[in-house]
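Peer 1: Take a look at this one; I'll ask things after.
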Amino acid sequence: ILLILSLRVVKEYDRGVVFFLGKVTGVRGPGLIILIPILEQMTRTTLRTITMSIPSQKIITKDNVSIDIAAVAYYHITDPLKSVVAIEDVYSAVNQISQTTVRNVVGQFMLDQLLSQTANINTQIKDVIDVHTEPWGAQVTAVEIKDIVLPDNMQRAMAKEAEAERERRAKIVAAEGEMQAAAKLGEAADIITKQKITRKPLLFYKKPIY
């Protein structure tokens with residue numbers, strides 16, 4: 001019975017942090033682990049990348065537009081010992097710091113910047129979160145903003161702006177087409193004029209010939 005209680009199997013993607021009478025003795029695994037019953041205890045932690053959903057939250061941008069943003073973060077444990085000893089629940093801690101960081105970073109940008117510079121904002125959010133999670137033995141590999149919900153009045157305003165921009169581009173394209181057509185007509189007129197000038201002397205040469 002004591003032998004069965006002392007045997008543990010740690011999978012390839014897991015590590016076990018072993019405590020002897022409450023004191024950390026090291027990290028073990030993967031494979032078969034033998035523990036001293038009653039005296040030694042083991043806490044498992046995974047090394048696989050964890051996908052963590054950052055719930056939607058209301059954020060006010062720099063130009064005072066209220067939006068709802070949802071994101072997703074990817075992180076993995078780099079130091080199993082720190083992830084068990086330095087923090088009580090690393091998943092909950094990363095989740096909370098991610099929500100706060102998304103709100104703080106997005107609030108520094110205007111709405112147009114948020115829509116056009118999403119990749120740059122994702123990188124900034126990742127770097128800020130990574131600074132906080134490094135002492136916990138966790139590394140954030142990526143943060144992606146996956147959903148941006150705008151108010152209805154803002155959606156209508158942006159639709160009108162986009163329609164006006166399309167009309168402006170259409171007028172510019174039409175004007176450029178007319179300008180090119182006029183240029184071609186001018187070139188054709190010059191060619192016709194040159195041809196008439198070169199043909200006139202031939203008519204006069206017919207008379208003086210004896």
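Peer 1: Using only alpha carbons, build the gyration tensor for segment 78-159 and give me the equivalent ellipsoid semi-axes, biggest first, whole Å.
Peer 2: 32, 12, 9
Peer 1: Still on this structure: DSSP loop (so not H, G, I, E, B), at most 14 other Cβ within 10 Å: list which trypsin sites (Lys or Arg not before Pro) in segment 13-73 pass both filters.
Peer 2: Within segment 13-73, the qualifying trypsin sites (Lys or Arg not before Pro) (loop, at most 14 other Cβ atoms within 10 Å) are Arg48, Lys62.
Peer 1: Would you grab the residues whose amide H sits under 5 Å from the one on Leu35? Only those 5+ places off in sequence or on another chain, please, with H modelled 1.01 Å from N.
Peer 2: Leu7, Arg8
Peer 1: Another question, if that's okay. How big is the accessible area of Lys146 in square angstrom, nearest 10, if you roll a 1.4 angstrom probe over the protein chains?
Peer 2: Lys146 has an accessible surface of roughly 120 Å² with all protein chains in place.
Peer 1: With each pseudo-label sitting 7 Å past Cα toward Cβ, what's the Val9-Arg103 distance in nm, one decimal?
Peer 2: 4.5
Peer 1: At 7 Å along Cα-to-Cβ for each site, give me the label-to-label distance between Val24 and Asp152 in nm.
Peer 2: Roughly 5.4 nm, to one decimal.
Peer 1: Then there's this: May I ask which residue of Ala164, Val24, Asn120 lies farthest towards the positive end of the charge dipole of the chain, with charges of +1 (Lys, Arg) and -1 (Asp, Glu) on Cβ and the Cα centre as origin?
Peer 2: Ala164
Peer 1: Related question: With a Förster radius of 30 Å, plug the Cβ-Cβ distance of Ile50 and Leu115 into 1/(1 + (r/R0)^6) and report the FRET value to the nearest 0.05.
Peer 2: Between Ile50 and Leu115 the formula returns 0.60.
Peer 1: Using 7 Å Cα-to-Cβ label points, what is the Thr193/Ala174 separation (nm, one decimal)?
Peer 2: Roughly 3.0 nm, to one decimal.
Peer 1: Could you work out the helix-only [θ] at 222 nm for the chain, with each DSSP H run of four or more residues adding -39,500 (n - 2.57) and the total divided by the number of residues, to the nearest 500 deg cm²/dmol?
Peer 2: Value at 222 nm, helices only: -16500 deg cm²/dmol.
Peer 1: Could I ask something else about it? With a 1.4 Å probe and all protein chains left in place, how much of the accessible area of segment 74-124 comes from carbon and sulfur atoms, in whole percent?
Peer 2: Here it works out to 48 percent.
Peer 1: Rounded to the nearest 0.05, what FRET efficiency is calculated for Ile1 and Glu40 with R0 set to 22 Å and r the Cβ-Cβ distance?
Peer 2: Plugging the Cβ-Cβ distance into 1/(1 + (r/R0)^6) gives 0.85.
Peer 1: Separate question: Would you mind working out the accessible area per residue for the chain, using a 1.4 Å probe, and quoting it in Å²?
Peer 2: Dividing the accessible area of the chain by its residue count gives 68 Å².
Peer 1: To the nearest 20 debye, what charge dipole does the chain have about its Cα centre, counting +1 at the Cβ of each Lys and Arg and -1 at the Cβ of each Asp and Glu?
Peer 2: Charge dipole of the chain: 1420 debye, to the nearest 20.
Peer 1: Then there's this: Give the range of the longest stretch in the chain that excludes all GluC sites (Glu not before Pro) found in loop regions by DSSP and having at most 15 other beta-carbon atoms within 10 Å.
Peer 2: Counting only loop sites that pass the neighbour cut-off, the longest clear stretch is 89-210.
The values are calculated or read from the model by the stated rules, or taken from the named source; none is laboratory data. Bear in mind that the values here come from a model prediction, so they are computed numbers and not experimental data. FYI the Cβ positions are ideal-geometry reconstructions off the backbone, even for glycines, and counts take in every protein chain you see. Note: areas computed on protein heavy atoms with side chains; ligands, DNA, RNA excluded. Shrake-Rupley method; radii C 1.70, N 1.55, O 1.52, S 1.80 Å.
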